[in-house]
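Undergrad: The structure is given below, and queries will be raised subsequently.
The values are calculated or read from the model by the stated rules, or taken from the named source; none is laboratory data. All figures in this text were calculated on a predicted structure; none of them were measured in a lab. Cβ sites come from the backbone with ideal geometry, for glycine too, and all protein chains shown count toward neighbours. The protein model used for the area step is the full one, side chains on, heavy atoms only, and it has no ligands, DNA or RNA in it. Shrake-Rupley method; radii C 1.70, N 1.55, O 1.52, S 1.80 Å.
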Amino acid sequence: MENIGILDFYKEIFGEGNALVDTLLENSGSKDLGHFNVFDTKKIYFSGKSKSEMTYNRRFYYKISLIKGKNLVEFADKSVFIEKQGILFATPKIPYRYIPETNEQSGFFCVFTKAFLSKSKTGLLIDELPIYEPGSDFVYQLNDGQYNEIELIFKKMNAEISSNYAFKYDLLRNYVIELLHIGQKLKPISSSTSTTNASGRISSLFIEYLERQFPIENTSQTIQLKTPADFAIKLSVHTNHLNKVLKETTGKNTTEIINGRIVEEAKILLKQTPWSISEIAFVLGFDEIAHFSNFFKKHTNIAPLKFRN
């Protein structure tokens, strides 16, 4: 599994050494603006110019893909088959693979960096949006009405990116935010009674500290916060109080949430890296392979090696 940045993305679809790559990078943003671009899927992937299948890699940019056609999307330990049409919200946190089942494909996709939707420009923290939270859906099926609504936004972006309008990136940024809100509305999000009270803050900080440890990108990286006590010390609260707060706000206790996230990352590493079981155990905070194997089997009912194969 490789780490793919924006430059690698352009090289992947246009080829190494293609002069178009530099032009696209120059014309679609700057260090201050962040990077953004939008493409017609059929013209890019199904014109014979580049391969349509996307290999399983971790991509360090965000991507929203409007998909029309039969496709298989694989991410984490899940597979979703798009029979007719759908929309995909890719984040650097989750590696994925995209496999068109036929050449009868159409739609649009846009790519952008975190800087493009920085808080200073939008007032939003992109990784804290519900659509990018851990456990959120990665891809959504669309009916005809939903597809047409989203396609119209992409067509506006596709037209705007070529314009000479001085504030076009501000407008494009608004279109992206609209797409994110549409995505969040595709699956209703249960509202909490208060997000500003102490319990809500403790719960949010706990999730933030937990997620900061992922994804695991190399074998020298290892998680540091592994137990309820570790998090309680970090949050300056008693372990029992942390457990009570999380039970009230999430329905799960501290240990269940930590273990669930470690299992999720373990599945990704087992399936998508060539690392040994020993290396995976180490980066996930286990001193011995046996401890990791027992932990994984307890939570999945299958041994790590068997899961990998």
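Undergrad: Which of the residues that make up segment 59-91 are over 25 Å from LYS11 (Cα atoms) and among the polar types (S, T, N, Q)?
TA: Residues satisfying the conditions are SER79, GLN85.
Undergrad: Hey, another quick one. Does THR219 satisfy the condition of being part of a loop (DSSP other than H, G, I, E, B), in contact (Cβ under 8 Å) with a residue 40 or more places away in the chain and open to solvent by 50 Å² or more (accessible area, probe 1.4 Å)?
TA: yes
Undergrad: Can you report the number of residues in segment 125-159 which are surrounded by fewer than 15 Cβ atoms within 10 Å (Cβ to Cβ), closer than 27 Å to VAL263 by Cβ and hydrophobic (A, V, I, L, M, F, W, C)?
TA: 1
Undergrad: Which of (1) surrounded by fewer than 20 Cβ atoms within 10 Å (Cβ to Cβ); (2) at pLDDT below 70 is the odd one out, the single condition TYR45 does not satisfy?
TA: Here TYR45 meets the rest and fails (1).
Undergrad: While we're here: When the residues of segment 75-100 are filtered to those that are surrounded by 17 or more Cβ atoms within 10 Å (Cβ to Cβ) and of a type in the set (Phe, Trp, Tyr), which remaining residue is modelled with the highest pLDDT?
TA: Per the stated criteria, the residue is PHE89.
Undergrad: Now for a different question. Could you please find all residues in segment 296-309 being of a type in the set (Phe, Trp, Tyr) and open to solvent by less than 30 Å² (accessible area, probe 1.4 Å)?
TA: PHE296
Undergrad: Sticking with this structure for a sec: Here are some conditions: (1) touching a helix residue (DSSP H, G or I) at 6+ places or on another chain (Cβ under 9 Å); (2) at pLDDT below 95; (3) surrounded by 13 or more Cβ atoms within 10 Å (Cβ to Cβ). VAL176 meets all but one. Which one does it not meet?
TA: VAL176 satisfies every listed condition except (2).
Undergrad: Here is a further query. If you go through segment 101-124, how many residues are among the aliphatic types (A, V, I, L, M) and exposed (fewer than 15 other Cβ atoms within 10 Å of the Cβ)?
TA: Within segment 101-124, residues that are among the aliphatic types (A, V, I, L, M) and exposed (fewer than 15 other Cβ atoms within 10 Å of the Cβ) number 1.
Undergrad: Give the residue that is most open to solvent (accessible area, probe 1.4 Å), with candidates limited to residues of segment 55-70 that are in a strand (DSSP E or B) and modelled with pLDDT of 90 or more.
TA: Checked segment 55-70; the qualifying residue most open to solvent (accessible area, probe 1.4 Å) is LYS68.
Undergrad: Just checking, does segment 222-235 include any residue being more than 20 Å from ILE94 (Cα to Cα) and modelled with pLDDT under 90?
TA: Within segment 222-235 (the criterion being more than 20 Å from ILE94 (Cα to Cα) and modelled with pLDDT under 90), the answer is yes, since at least one residue qualifies.
Undergrad: I've got another one for you. Under the condition of being without any contact (Cβ under 8 Å) to a residue 12 or more places away in the chain and not in a helix (DSSP H, G or I), which residue from segment 113-132 is nearest to PHE75 (Cα to Cα)?
TA: Result: LEU125.
Undergrad: While we're looking at this one, here's another question. Residue by residue through segment 258-269, note down the ones that are surrounded by fewer than 19 Cβ atoms within 10 Å (Cβ to Cβ) and of a type in the set (A, V, I, L, M).
TA: Listed by number, the list holds a single entry, VAL263.
Undergrad: If you don't mind, another one. Looking only at residues that are part of a loop (DSSP other than H, G, I, E, B) and open to solvent by 50 Å² or more (accessible area, probe 1.4 Å) in segment 222-251, which one is farthest from GLU133 (Cα to Cα)?
TA: HIS238
Undergrad: Would you please name the residue that is surrounded by the fewest Cβ atoms within 10 Å (Cβ to Cβ), looking only at residues in segment 270-289 that are in contact with a Pro (Cβ under 9 Å, 6 or more places away or on another chain) and of a type in the set (A, V, I, L, M)?
TA: It comes out as ILE289.
Undergrad: I'd like to verify a number: residues in segment 81-112 that are among the hydroxyl-bearing types (Ser, Thr, Tyr), within 24 Å of TYR175 (Cα to Cα) and in a loop (DSSP other than H, G, I, E, B), how many?
TA: The qualifying residues number 1.
Undergrad: Does SER162 qualify as being open to solvent by 50 Å² or more (accessible area, probe 1.4 Å) and among the hydroxyl-bearing types (Ser, Thr, Tyr)?
TA: yes
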